[in-house]
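Peer 1: Structure incoming, see below.
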Amino acid sequence: MGKEKYRILISGGGTGGHIFPALSIANALKLRLDCDILFVGADNRMEMERVPAAGYEIKGLPVAGFDRRHLLKNFSVLLKLRKSIAMARRIVADFKPDIAIGVGGYCSGPTLKAAQRAGVPTLLQEQNSYAGVTNKLLAKKAGRICVAYPGMERFFPADKIVLTGNPVRKDILSASVSPEKARERFGLNPQRPTVLVVGGSLGALTLNESMESGIRRLNEAGIQVIWQTGKNFGDRGSIAAKNLEGVVVTRFISDMAAAYAAADLVVSRAGAGSISELELLAKPCILVPSPNVAEDHQTKNARALSDKGAAVLVPDAEARTSLVDTITSLIADKPRMAAMSTAIKELALPDSDEKIVDEVVSILQNSKK
């Protein structure tokens, strides 16, 4: 693409499901282009720590999500949105990006809108099978919309859609440890069936309480468990698993590649990033969609897999009574587990970060003509 140095704005965050893809895209851009990259995130969210730790500059907006349960609280949300719009316009004017990329999250709306108003080309990355409100509003003026699921013409102009998949953390895909060695790393029996239960950095209360009440039954069934509780569950997980062999309880897993490798079966929420990782790793999984997300998009994500026999969907409201029994019966059904592994692998879209960068390069080339 010549010697020109490009200026690229990336906006989004709020959860790891938005931040990890954004960083994957940034890293792939750096390898391909001579460019300066600036992130825009939401103040007091995890991107304000994770992005600088990855070596990138970030500016924060005070934007927050609407409170659907307490409508009176939204007055302050509207004030924050107004301030965020003004700040985003200033960031765009000062940085003068050649392209702006939105990966979802509260802050991507004001930032990408400001870029579009300034005539800056934009690319959207929609991670879920049910498009978010922000991306639907931005789609009309977007140059390209990179999606992870087929059938997104329901939400976006068909001629702008490119099926790329969701970028995932490279370290998870590059690990070569065997299941046996991975289990040994966690102090587990290398030969026994193992389940990984993950609910994100904060934890998922439903998953945690399901494990809390059922961990001894799983243990008695000969099933080993790596249980990531997140930081909000305190010591309850450790107390529930006290004196149980073959159970690892931890608030945070630093080596997710080894945790995935150790697991015959994964129990997870149905965030887009987690699903993309499970697809690429061909992991049989039980998905318990979070009910606390916009448009119930996690249920739609999970159904996109369960309808194809690639996952088992357990509704959040039923998990406390049925999750442990579902785990036990599935682990015992090796033919079904093998079929699920095959089915989920067929849905995987590898090299998503490179495919998205291809689209960025195309937009940049066309905008310079």
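Peer 1: Which residue pairs have Cβ atoms closer than 8 Å, lie 6 or more positions apart in sequence or on different chains, and pair a first residue in segment 124-137 that is more than 9 Å from Gly102 (Cβ to Cβ) with a second residue that is of a type in the set (Asp, Glu) and surrounded by fewer than 24 Cβ atoms within 10 Å (Cβ to Cβ)?
Peer 2: Tyr130/Glu295; Tyr130/Asp296; Gly132/Glu295; Val133/Glu295
Peer 1: Within segment 138-155, can you find the residues that are without any contact (Cβ under 8 Å) to a residue 24 or more places away in the chain, over 20 Å from Leu347 (Cβ atoms) and open to solvent by 20 Å² or more (accessible area, probe 1.4 Å)?
Peer 2: Matches in segment 138-155: Lys140 only.
Peer 1: Separate question: Answer with yes or no whether Ala100 is surrounded by 22 or more Cβ atoms within 10 Å (Cβ to Cβ), within 21 Å of Ser367 (Cα to Cα) and among the small types (Gly, Ala, Ser).
Peer 2: yes
Peer 1: Taking into account only those residues within segment 290-303 that are buried (at least 23 other Cβ atoms within 10 Å of the Cβ) and at pLDDT below 95, which is farthest from Ser352 (Cα to Cα)?
Peer 2: Gln298
Peer 1: Okay, moving on. Let me spell it out: the conditions are (1) farther than 15 Å from Ser276 by Cβ; (2) touching a Pro at 6+ places or on another chain (Cβ under 7 Å), and Lys140 meets all of them except one. Which number is the exception?
Peer 2: (2)
Peer 1: Output the residue which, of all residues in segment 342-369 that are outside any helix (DSSP H, G or I) and not basic (Lys, Arg), is most open to solvent (accessible area, probe 1.4 Å).
Peer 2: Filtering first and then ranking leaves Glu346.
Peer 1: Quick one: count up the residues across segment 198-228 that are within 23 Å of the chain's Cα centre (by Cα), open to solvent by less than 20 Å² (accessible area, probe 1.4 Å) and over 17 Å from Gly271 (Cβ atoms).
Peer 2: Total satisfying the criteria: 5.
Peer 1: Here's a check for you: in segment 156-171, which residue that is outside any helix (DSSP H, G or I) and open to solvent by less than 40 Å² (accessible area, probe 1.4 Å) is farthest from Leu281 (Cα to Cα)?
Peer 2: Phe156
Peer 1: Okay, next question. For the condition open to solvent by 20 Å² or more (accessible area, probe 1.4 Å), in a helix (DSSP H, G or I), closer than 25 Å to Tyr149 by Cβ and out of contact with any helix residue (DSSP H, G or I) (no Cβ under 9 Å at 6 or more places or on another chain), what is the one hit in Ala317, Ala339?
Peer 2: Residue meeting the stated conditions: Ala339.
Peer 1: Next up: Condition test on Lys181, is it among the charged types (D, E, K, R), open to solvent by 70 Å² or more (accessible area, probe 1.4 Å) and under 30 Å from Ala131 (Cβ atoms)?
Peer 2: In short, no.
Peer 1: Tell me which of these Ile327 doesn't satisfy, since it passes every other one: (1) aliphatic (A, V, I, L, M); (2) over 24 Å from Ser24 (Cα atoms); (3) open to solvent by less than 30 Å² (accessible area, probe 1.4 Å); (4) assigned to a strand (DSSP E or B).
Peer 2: (4)
Peer 1: Tell me which of these Leu79 doesn't satisfy, since it passes every other one: (1) aliphatic (A, V, I, L, M); (2) over 25 Å from the mean Cα position of the chain (by Cα); (3) at pLDDT 80 or above; (4) under 20 Å from Gly143 (Cβ atoms).
Peer 2: (4)
Peer 1: Where residues in segment 19-32 are surrounded by 20 or more Cβ atoms within 10 Å (Cβ to Cβ) and either in contact with a Cys (Cβ under 6 Å, 6 or more places away or on another chain) or closer than 27 Å to Gln365 by Cβ (or both), which of them is modelled with the lowest pLDDT?
Peer 2: Here the residue is Pro21.
The values are calculated or read from the model by the stated rules, or taken from the named source; none is laboratory data. What you are looking at is a predicted structure, and each value in this text was computed from that prediction instead of being measured. FYI the Cβ positions are ideal-geometry reconstructions off the backbone, even for glycines, and counts take in every protein chain you see. Heads up: the accessible areas ignore ligands, DNA and RNA and are worked out on the full protein's heavy atoms, side chains in. Shrake-Rupley method; radii C 1.70, N 1.55, O 1.52, S 1.80 Å.
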